[in-house]
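The structure under discussion appears below in the form of structure tokens.
What follows is calculated from the coordinates using simple rules that are stated; it is not laboratory data. All values derive from a computational prediction rather than experimental measurement. So basically every Cβ, Gly included, is an ideal-geometry build from the backbone, and we count neighbours across all protein chains shown.
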Amino acid sequence: MARKKDGCKCKLDVAGITSDTLTSRGGLSLFVRYCRNIAVAPHLERLFGGIRKGSKGQPITEIFKQIFCFFLDGTSRHMVYFDQLKKDSGYAAAIETASEAMLSSYSVKRFFEGFSWFRIWLFRRLLQRLFLWRLKLVIPKMIELGIDTMVMDNDEAKKRHGVQPTYKKVAGFQPLQMTWGRFIIDAVFRGGKKHSNYGDTVQQMVTHMVHKIRTCYRDDVPIVIRMDAGFFDQKLLAVFEQLNVGYVCTGKLYKDIQAHVRAAERKHWQRTQKGNHAWDYLEFGDRRQSWKKFRRAVFCRPMDKDGQLLLEFVRPETVLYTNLGMGAVIDQQLKEAGYEHLLQTESIVALAHGRGADELVHRTLKDFACQTLPFKKFAHNAAFYYTMLTAFFLFECFKEDVCSEVVPVESYPTTLRRKIIDLAAKIVRTSGKIILKVTQAAWDALQFDRLWNKSACPPTFTWA
């Protein structure tokens with residue numbers, strides 16, 4: 001019996017090579033266009049232009065642009081990926097770079113090895129100014145900041161300076177980071193054994209940032225900082241009080257506190273609820289042996305988990321310390337700003353549980369970039385880390401200013417990459433113009449014309 005022919009008319013028969021300029025990362029053109037139009041390049045040149053010793057090689061701004069795109073692309077976390085990109089004319093065209101100007105892995109390594117500690121600390125100034133820029137755009141009436149450390153797991157990497165055992169039982173780095181919403185606004189790169197409140201780093205960071213906010217934004221804006229038990233230190237709390245900054249800090253469950261809670265009558269307990277979750281709490285004043293004064297304390301425990309009620313003996317217990325509602329200057333600032341409700345115990349408990357959002361920022365950063373750092377020397381890894389933070393800040397700005405109608409601002413980097421960055425496109429030259437072409441389906445689904453126009457007129461980054 002004769003075999004029937006395949007009736008498919010779309011079957012591929014032959015594979016070949018095209019000379020067209022094609023890319024699978026067409027969305028990077030939007031990010032490059034955005035970074036160019038916010039005018040961040042002149043500030044990068046001013047801060048880091050001195051690294052370039054001669055006229056050979058690429059300009060500092062071009063190097064930063066390619067490294068930022070490397071992070072946003074996210075295809076590979078290895079330096080050798082630059083060698084692959086160097087051969088990709090479509091990728092070069094998408095990020096508006098001539099093929100001969102594409103960096104090799106050797107060039108990128110030499111760039112980071114050229115950083116001195118003075119240049120590295122300039123990244124902190126850049127992050128802080130980017131934060132002030134966003135503050136002036138949003139104009140918040142109250143500023144909530146978070147302080148925490150982030151463990152960067154380098155357990156399986158080759159021996160590196162500064163990779164030390166961390167509290168998560170892996171070897172790595174443990175930078176101290178300050179967050180505002182989705183943004184990391186300041187950071188100190190540290191070895192893994194540096195615990196949360198190591199030395200006076202936190203005091204200096206907070207003092208400096210509060211001064212920046214009140215000098216460059218508003219001198220009367222209320223500032224509230226959230227911290228976990230790793231920062232429970234009366235010296236640090238005293239610094240916050242001297243700066244007239246509000247704080248909500250998780251404390252430690254000492255035996256005398258547990259005894260006081262067990263002895264408290266049921267009528268003194270209260271309950272707060274948010275959505276389907278409820279907490280019991282007990283408010284009291286506490287003064288540790290080394291303290292010079294009493295502070296407001298709130299003992300709380302959840303009543304449920306994942307929709308199931310918890311038996312009393314398995315409920316996790318937490319004690320919170322705060323200076324809110326104690327008649328200090330911060331109380332008056334909150335009242336004038338319309339946030340008087342934050343002085344109530346229920347709001348203090350909610351603020352403390354809002355620390356989960358701060359931890360999501362660290363999780364998003366790890367999704368955006370990498371934990372395993374590429375160099376053996378501590379200073380080189382520090383430069384790489386701060387470049388990563390700068391790229392992450394610009395990514396969050398790009399997501400908000402350009403992509404918010406297509407991708408929610410809370411989305412992880414992987415989501416934005418799949419929807420916008422990983423976009424097939426063709427770059428053609430005609431009539432003296434370079435044109436980026438995408439399919440009609442992608443144009444309609446992404447509202448690409450709106451993304452293109454938004455990336456052309458974002459708010460300009462100003463240093464003042």
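Which of the residue pairs Lys158/Lys212; Lys65/Lys366; Lys159/Lys212; Lys86/Lys136 have a Cα-Cα distance greater than 32 Å in the structure shown?
Those over the limit are Lys158/Lys212; Lys159/Lys212; Lys86/Lys136.
Shape verdict for the range 117-368, please, from the Cα gyration tensor: rounded (a/c under 1.5), prolate (a/b greater than b/c) or oblate.
Oblate shape, in that a/c is at least 1.5 and b/c is the bigger or equal ratio.
Of [x] 86, 73, 47; [y] 60, 47, 37; [z] 72, 49, 44, which one was derived for Cα extents along the principal axes in Å from the structure shown?
Read-out from the structure maps to [x].
Set the Förster radius R0 to 35 Å, insert the Cβ-Cβ distance between Tyr217 and Arg119 as r into 1/(1 + (r/R0)^6), and round the FRET efficiency to 0.05.
0.85
Roughly what % of DSSP beta bridges within the range 117-368 run antiparallel, to the nearest 5?
Percent antiparallel among DSSP bridges in the range 117-368 is about 80.
Suppose the chain between Thr201 and Ser404 were pulled fully straight at 0.36 nm per residue; how much longer would it get relative to their current alpha carbon spacing?
69.5 nm
Within 10 Å, count the other beta carbons around each residue, average over each peptide in 320-328, 370-378, and list them highest first.
Averaged packing, sorted descending, gives the order 320-328, 370-378.
So what is the 222 nm mean residue ellipticity for the chain from helices alone, if each DSSP H run of at least 4 adds -39500 (n - 2.57) and you divide by all residues, rounding to the nearest 500 deg cm²/dmol?
Rounded to the nearest 500, the figure is -12000 deg cm²/dmol.
Assuming R0 = 41 Å, can you tell me the calculated FRET efficiency for the pair Arg110 and Met142, based on Cβ-Cβ distance, to the nearest 0.05?
0.35
For the range 435-447, in order, what is each residue's ³J(HN,Hα) by Karplus, 6.51 cos²θ - 1.76 cosθ + 1.60 with θ = phi - 60°, in whole Hz (x at glycine and Pro)?
Running phi through 6.51 cos²θ - 1.76 cosθ + 1.60 with θ = phi - 60° gives 10, 9, 10, 10, 6, 4, 4, 5, 4, 6, 5, 8, 6 Hz.
Which far-off residues, 5 or more places away or on another chain, put their amide H under 5 Å from the one on Ile225, with H placed in the peptide plane?
Counting only residues 5 or more places away or on other chains, the set is Leu145, Gly246, Tyr247, Val248.
What order do you get for 189-198, 255-264, 384-393 when each peptide is scored by the mean count of other beta carbon atoms within 10 Å, highest first?
Peptide ranking by packing, descending: 384-393, 189-198, 255-264.
Using 7 Å Cα-to-Cβ label points, what is the Trp443/Gln289 separation (nm, one decimal)?
7.6
By count of other Cβ within 10 Å, fewest leading, how are Tyr339, Tyr81 ordered?
The order, fewest Cβ neighbours first, is Tyr81, Tyr339.
Highest first, please rank the peptides 225-231, 362-368 by the mean number of other Cβ atoms sitting within 10 Å of their residues.
Answer by packing, highest mean first, reads 225-231, 362-368.
What is the chain's relative contact order, in percent, from Cα pairs under 8 angstrom and six or more apart in sequence?
22
Using alpha-carbon pairs under 8 Å, 6+ residues apart, how would you state the relative contact order of the range 117-368 in percent?
16
Determine the gain in length on full extension of the stretch Arg77-Ala15; use 0.36 nm per residue of separation and subtract their C-alpha separation, reporting nm with one decimal.
Additional length available on full extension: 19.3 nm.
To the nearest 10 degrees, how steep is helix 355-368 against the longest Cα principal axis of the chain, on a 0 to 90 scale?
Between helix and principal axis, roughly 20 degrees.
Multiplying the sequence separation of Gln332 and Ala101 by 0.36 nm and subtracting their Cα-Cα distance, what value in nm do you get?
Here the answer is 77.5 nm.
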